[in-house]
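Enquirer: Quick one: the structure is below, and I'll ask about it shortly.
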Amino acid sequence: MTTFWTNSDIFENFEPDLVVKSPGRINLIGEHTDYHQGWVFPGAIQLSINLAFQKNPFSNQIRIYSASQKEQKVLSLDNFIDEQGWVKYLSGVLEACRQKDLYLNGMDIIIDGDLPIGAGLSSSSSLTCGFLLGLDALFQWNLTKEEMIKMASSAEYQMGLQGGLMDQTAILYGKKDHLILLDNQTEEKIFIEAALDNHELILFDSKVTHELVASNYNQRRMESESVPSLLSNIYPGVLSLRDVTTEMLEKNKTILPDIPFQRAAFVVEENRRVLMSVSALQNKDFELLGRLMYESHEGLKDKYEVSCAELDLLVDATKDLKEVKGARMMGGGFGVCTINLVEKSSSEKVIEKVSNAYLKATKIEAGVYQVQLSDAAEVTWFKR
């Protein structure tokens with residue numbers, strides 16, 4: 001059997017003790033709601049990162065080779081907190097393990113896969129979750145998924161991006177042909193069958209990536225989080241935007257600064273759209289689902305202001321195509337992918353038309369990913 005590590009000459013006599021497959025994720029709808037204790041609607045996808053682990057108990061080092069980066073890194077178990085680049089996500093996981101006094105030893109790791117890096121499919125969360133899942137299996141810690149979600153999230157938080165727990169939850173709880181209605185207030189997860197019938201989900205990658213940390217992502221969070229504290233003087237039960245209604249915002253519009261008001265209005269409306277989308281999907285009302293996706297994009301563009309010209313071009317290119325039920329930017333924003341609900345029989349036509357329109361307008365060739373909902377991260381192979 002040919003495996004991704006078979007022909008590797010990076011580490012001599014490499015024979016893994018276990019292999020982990022860690023998927024990427026999509027989010028059908030519900031952006032910037034997770035850190036406001038709202039609802040999101042993500043799922044794991046078939047594109048994944050694979051990690052092969054081999055113990056090296058006589059070493060005080062963790063040697064890691066990334067095939068996609070064509071780069072080898074070496075982490076010392078004595079000091080791994082000052083690393084930069086992609087390996088910093090792994091050093092963040094190791095720091096989270098150290099803080100929990102979890103036993104570690106030397107090892108060699110080879111990383112490969114077909115999940116695009118930097119395409120907005122949560123490759124960083126896929127990497128941290130897959131790494132942590134492999135360590136848990138390798139050293140038999142028996143961590144719960146909830147513990148791993150919080151540890152992986154803390155590792156990414158060290159990179160400066162103040163996101164929520166959606167990505168890690170989708171990756172560690174994903175279920176084939178299902179999306180997850182995740183309540184970030186109660187952490188309840190409801191699996192919703194995504195019976196798309198004659199439709200499929202297609203992602204268009206703008207190939208534009210504006211660094212989230214440097215692009216006011218955290219500023220948006222700070223602006224929107226200022227609203228609950230202002231309203232709590234009037235409504236004592238308001239602890240987050242999850243507790244705020246459109247009526248509350250409109251009634252108190254004069255006491256709220258314009259920009260925080262806009263940010264909060266988007267979040268409140270987006271929460272409503274998530275719940276409506278679940279109902280639309282269950283009722284197979286794809287016209288309504290598509291309209292909600294378009295509404296989500298308009299809100300992200302005009303009220304939360306996290307879109308960009310390239311994402312808007314990709315969405316606008318679908319609006320005259322009846323075969324596209326809905327489209328919107330996906331993820332934190334400032335670039336990367338749009339997610340599109342498309343009639344299967346017209347997928348090739350839609351891909352051609354949108355790709356050509358985008359190329360003509362930007363001189364950039366968009367990436368295209370036809371995604372299927374998949375199972376969660378898992379150990380796929382153990383050495384016997």
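The values are calculated or read from the model by the stated rules, or taken from the named source; none is laboratory data. In this text, all values refer to a predicted model and were calculated from it rather than measured experimentally. Note: ideal-geometry Cβ built from the backbone for every residue, glycine included; neighbour counts use all protein chains shown. These area figures cover heavy atoms from the full protein model, side chains too; ligands, DNA and RNA do not enter into them. Shrake-Rupley method; radii C 1.70, N 1.55, O 1.52, S 1.80 Å.
Enquirer: Explain nothing, just compute: Karplus ³J(HN,Hα) = 6.51 cos²θ - 1.76 cosθ + 1.60, θ = phi - 60°, for every residue of region 59-67 in order, whole Hz, x for Gly and Pro.
Expert: Running phi through 6.51 cos²θ - 1.76 cosθ + 1.60 with θ = phi - 60° gives 10, 9, 10, 10, 9, 10, 10, 9, 5 Hz.
Enquirer: Quick check: at a probe of 1.4 Å, how many percent of the accessible area of the chain sits on carbon and sulfur atoms? Let's see the in-between values first.
Expert: Numbers: 7970 of 16810 Å².
On the chain, the fraction of accessible area on carbon and sulfur atoms equals 47 percent.
Enquirer: Using the reciprocal of the averaged 1/r over all distinct C-alpha pairs, how large is the Kirkwood radius of the chain in Å?
Expert: Details: mean 1/r = 0.0461 Å⁻¹.
Averaging 1/r across every pair of different Cα atoms and inverting gives 21.7 Å.
Enquirer: Heads up, I need the accessible area for Arg98: 1.4 angstrom probe, whole protein in place, Å², nearest 10.
Expert: 130 Å²
Enquirer: With labels modelled as points extended 7 Å from the Cα through the Cβ direction, what inter-label distance (nm, one decimal) is found for Lys319 paired with Lys363?
Expert: The two pseudo-label positions are separated by 2.6 nm.
Enquirer: A further question on this structure: Kindly work out what percent of the DSSP beta bridges joining two residues of the chain are antiparallel, to the nearest 5.
Expert: On the way: 53 of 58 bridges.
Around 90 percent of the beta bridges assigned by DSSP in the chain are antiparallel ones.
Enquirer: So for region 17-163, what percent of the C-alpha to C-alpha distances run longer than 27 Å? List each step's numbers first, then the result.
Expert: On the way: 1913 of 10731 pairs.
For region 17-163, the share of Cα pairs beyond 27 Å comes to 18 percent.
Enquirer: So what J values fall out for region 175-190 if you push phi through Karplus, 6.51 cos²θ - 1.76 cosθ + 1.60 with θ = phi - 60°, rounded to Hz, Gly and Pro as x?
Expert: Along region 175-190, the couplings run 9, 3, 6, 9, 10, 10, 7, 9, 8, 6, 7, 9, 6, 5, 10, 10 Hz.
Enquirer: Would you please give the residues with an amide H less than 5 Å from that of Tyr304, counting only those at least 5 places away or on a separate chain, with H modeled from the backbone geometry?
Expert: Hits under the 5 Å cutoff: none.
Enquirer: Separate question: Based on the mean of other Cβ atoms within 10 Å per residue, sort peptides 237-246, 170-179 so the most packed one is first. If you can, show how the numbers build up before the last one.
Expert: Details: 237-246: 16.9, 170-179: 22.6.
Output ranking for 237-246, 170-179: 170-179, 237-246.
Enquirer: Right, next: Label region 244-352 by shape, choosing from rounded, prolate and oblate, from the square roots a ≥ b ≥ c of the eigenvalues of the Cα gyration tensor; if a/c is under 1.5 it is rounded, and otherwise prolate applies when a/b is larger than b/c, oblate when it is not.
Expert: Values: a/c = 3.18, a/b = 1.63, b/c = 1.95.
In terms of gyration-tensor shape, oblate.
Enquirer: To continue, here is another question. Enumerate the residues in region 129-151 having an amide nitrogen under 14 Å from the point lying 7 Å beyond the Cα of Lys55 toward its Cβ.
Expert: Those under the cut-off are 135-142.
Enquirer: At R0 = 51 Å, how high is the FRET efficiency between Thr246 and Glu378 if r is their beta carbon distance? Nearest 0.05 is fine.
Expert: Values: r = 41 Å, r/R0 = 0.81.
So the FRET efficiency works out to roughly 0.80.
Enquirer: Output wanted: per-residue J couplings in Hz (rounded whole) for region 224-233, from phi through Karplus 6.51 cos²θ - 1.76 cosθ + 1.60, θ = phi - 60°, x for Gly and Pro.
Expert: 3J(HN,Hα) across region 224-233, in whole Hz: 6, 6, 6, 5, x, 5, 6, 6, 5, 5.
Enquirer: Let me ask something additional. Could you tell me the ratio Rg/Rh of region 193-273? Both radii from Cα atoms, Rh via Kirkwood. Write out the running numbers ahead of the final one.
Expert: Working: Rg = 16.9 Å, Rh = 15.0 Å.
Radius of gyration over Kirkwood radius for region 193-273 works out to 1.13.
Enquirer: Contour minus end-to-end for Gln185 and Ala309, with contour as 0.36 nm per residue of separation and end-to-end as the Cα-Cα distance?
Expert: Values: separation 124, 0.36 × 124 = 44.64 nm, distance 3.30 nm.
Difference between extended and current length: 41.3 nm.
Enquirer: Counting only heavy atoms of the protein chains, get the accessible area per residue of region 282-334 (1.4 Å probe) and round it to a whole Å² value. Each step should come with its number before you reach the end.
Expert: On the way: 2070 Å² over 53 residues.
Heavy-atom accessible area per residue stands at 39 Å².
Enquirer: Non-local amide H neighbours of Val40 (under 5 Å, H modeled in plane, Pro and chain starts lacking H): which ones?
Expert: Counting only residues 5 or more places away or on other chains, the set is Leu182, Asn184.
Enquirer: Straight-line reach from Lys150: which lysines fall under 22 Å, measuring Cα to Cα and dropping same-chain residues less than 8 apart?
Expert: Lys21, Lys88, Lys100, Lys175, Lys189
Enquirer: May I pose another question? Under 1.5 on a/c is rounded, so check that first for region 113-192, then, if it is not, pick prolate when a/b is larger than b/c and oblate when it is not; a ≥ b ≥ c are the square roots of the alpha carbon gyration tensor eigenvalues. Present the calculation step by step, with values, prior to reporting the outcome.
Expert: Details: a/c = 1.25, a/b = 1.11, b/c = 1.13.
Rounded is the answer for region 113-192, as its axis ratio a/c remains below 1.5.
Enquirer: Next question, about the same structure. Kindly sort Arg63, Arg263 by accessible area of their heavy atoms, largest first, with the probe set to 1.4 Å. Provide the component values of the computation, followed by the final result.
Expert: Values: Arg63 75, Arg263 5 Å².
Result of the area sort, largest leading: Arg63, Arg263.
Enquirer: From the Cα gyration tensor of region 184-322, with a ≥ b ≥ c the square roots of its eigenvalues, which class applies: rounded if a/c is under 1.5, or else prolate if a/b is larger than b/c, or else oblate?
Expert: Values: a/c = 2.05, a/b = 1.38, b/c = 1.49.
In terms of gyration-tensor shape, oblate.
Enquirer: While we're on this one: Heavy-atom accessible area of Phe4 with all protein chains present, probe 1.4 Å, nearest 10 Å²?
Expert: For Phe4, the solvent-accessible surface is approximately 60 Å².
Enquirer: Amide H of Arg328: which non-local residues (sequence gap of 5 or more, or other chain) have their own amide H closer than 5 Å, using H built in the peptide plane?
Expert: Ile339
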